[in-house]
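Here's the structure, in structure tokens; my notes come after.
The values are calculated or read from the model by the stated rules, or taken from the named source; none is laboratory data. As the structure is a computational prediction, the values presented were derived from the model and not from experiment. All Cβ positions, glycine included, derive from the backbone under ideal geometry; neighbour counts span all protein chains shown. The protein model used for the area step is the full one, side chains on, heavy atoms only, and it has no ligands, DNA or RNA in it. Shrake-Rupley method; radii C 1.70, N 1.55, O 1.52, S 1.80 Å.
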Amino acid sequence: METQFSQSGQFQKENFSAFIKELVQKFNPEQIYSFGKNIDFKVNVGCFIEDHRTENYHYFLLMVTESVTRIEHEVQDFANNHYPFGKITILAHGKETIAEAIKANNRFFITIYNEGQILYSRNGMLQRTHTINFIPTQGAVKAQKHYNHRFPLATGFLKSAKECLTNQHYNLSAFMAHQVVEQCCIVLIRVHLAYRSDIHNLYRQLRMCDSFSPAPSSLFLSGREEEKRLFDIMVKSYSAARYKDDFKVEQADAEQIFTRVSTFLKLTEIMCGEKIKSLAIVAESYTQLKKESEVDHAG
């Protein structure tokens with residue numbers, strides 16, 4: 001078993017390296033960082049089943065571009081179409097934009113620059129020359145502020161979805177459910193990563209959430225066909241409920257979507273609450289250490 005996994009891992013490594021070269025040739029970036037990698041192993045062995053072993057890879061990349069012009073959608077489409085060996089979620093930002101964010105003490109970009117793996121650098125430097133100082137004192141405060149803005153929006157959309165369901169407006173209920181999930185994903189990403197996501201595609205939003213927890217996507221996309229079907233209805237409702245005359249959501253589907261989305265809202269509340277608490281603890285520890293350090297220097 002271990003040998004097969006090792007061979008599979010080598011195969012994956014070679015294909016991923018080849019893809020990075022294609023990415024560089026296509027977009028000529030300044031740098032490419034890896035800020036995460038998920039590997040899911042699945043093994044089926046038994047007397048009455050054919051032995052089967054699979055690995056599913058999901059990479060999270062930040063591409064630093066020379067221009068501030070956003071090319072993220074083009075880059076993501078390129079990854080989707082040119083890498084069939086797993087999932088790749090790519091963020092693309094201009095070097096000036098990132099430099100300004102780092103200067104403003106942005107937790108997301110500072111963490112990647114300090115801890116991410118440099119996969120490519122135009123100047124050939126793959127080792128970081130220095131560590132960027134991050135001050136965590138406002139982390140919990142900022143996260144709470146974004147939560148206080150987004151969560152009431154999500155709650156309001158859920159109430160609207162319930163009202164539409166009660167009044168048998170099933171298409172609109174699915175559309176409102178879509179809005180709940182979108183707002184929840186935005187706040188989950190903002191609180192956990194300190195990244196302002198302008199992604200509206202729910203599949204991409206959930207993939208981004210995978211960089212810090214499998215819980216959000218597993219609620220909708222755990223692999224069961226029925227779950228995927230319902231999620232797809234909700235995704236399509238974003239435009240189809242408003243612009244397509246032949247789009248129709250059945251009552252049973254609308255009810256199941258509403259139930260799942262209600263659970264997702266609760267999950268968001270719990271996850272954000274826990275993360276904000278942990279950020280507050282980090283801030284408190286940093287402040288205390290700084291005070292002790294100042295006392296030592298004074299003495």
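A count restricted to the range 103-112 and to residues that are assigned to a helix (DSSP H, G or I) and either crowded, with 18+ Cβ neighbours inside 10 Å or modelled with pLDDT under 95 (or both) stands at 5. Across the range 252-291, the qualifying residues are those that are farther than 20 Å from residue 154 by Cα and open to solvent by 90 Å² or more (accessible area, probe 1.4 Å), and the one among them that is nearest to the chain's Cα centre (by Cα) is 277.
I'm checking my understanding of the structure. Among residues of the range 52-82 that are farther than 25 Å from residue 213 by Cβ and of a type in the set (Val, Ile, Thr), which one is surrounded by the most Cβ atoms within 10 Å (Cβ to Cβ)?
Residue satisfying both the conditions and the ranking: 64.
Counting only residues that are more than 19 Å from residue 66 (Cα to Cα) and in contact (Cβ under 8 Å) with a residue 24 or more places away in the chain, the range 116-134 holds 4 of them. Evaluating residue 115 against the criteria (1) over 19 Å from residue 24 (Cβ atoms); (2) modelled with pLDDT of 90 or more; (3) open to solvent by less than 90 Å² (accessible area, probe 1.4 Å) leaves one unmet condition, (3).
Does any residue of the range 53-70 turn out to be under 18 Å from residue 118 (Cβ atoms) and assigned to a helix (DSSP H, G or I)? Scanning the range 53-70, I find no residue that is under 18 Å from residue 118 (Cβ atoms) and assigned to a helix (DSSP H, G or I), so the answer is no.
Taking every residue in the range 96-114 that is without any contact (Cβ under 8 Å) to a residue 60 or more places away in the chain and pairing it with any residue that is crowded, with 20+ Cβ neighbours inside 10 Å and of a type in the set (A, V, I, L, M), at least 6 positions away or on another chain, the pairs with Cβ-Cβ distances below 6 Å are 102/110; 109/98. Right, residue 245: modelled with pLDDT under 95, within 21 Å of residue 73 (Cα to Cα) and surrounded by fewer than 20 Cβ atoms within 10 Å (Cβ to Cβ) or not? Spelling it out, it is not the case that residue 245 is modelled with pLDDT under 95, within 21 Å of residue 73 (Cα to Cα) and surrounded by fewer than 20 Cβ atoms within 10 Å (Cβ to Cβ).
The residue of the range 28-51 that is surrounded by the fewest Cβ atoms within 10 Å (Cβ to Cβ), among those that are in contact (Cβ under 8 Å) with a residue 12 or more places away in the chain and part of a loop (DSSP other than H, G, I, E, B), is 28. Only one entry of 171, 123 meets the criterion of being more than 26 Å from residue 258 (Cα to Cα) and either open to solvent by 20 Å² or more (accessible area, probe 1.4 Å) or in a loop (DSSP other than H, G, I, E, B) (or both), and that entry is 123.
Of 200, 178, which residue is of a type outside the set (Gly, Ala, Ser) and surrounded by fewer than 23 Cβ atoms within 10 Å (Cβ to Cβ)?
Exactly one of 200, 178 is of a type outside the set (Gly, Ala, Ser) and surrounded by fewer than 23 Cβ atoms within 10 Å (Cβ to Cβ), namely 200.
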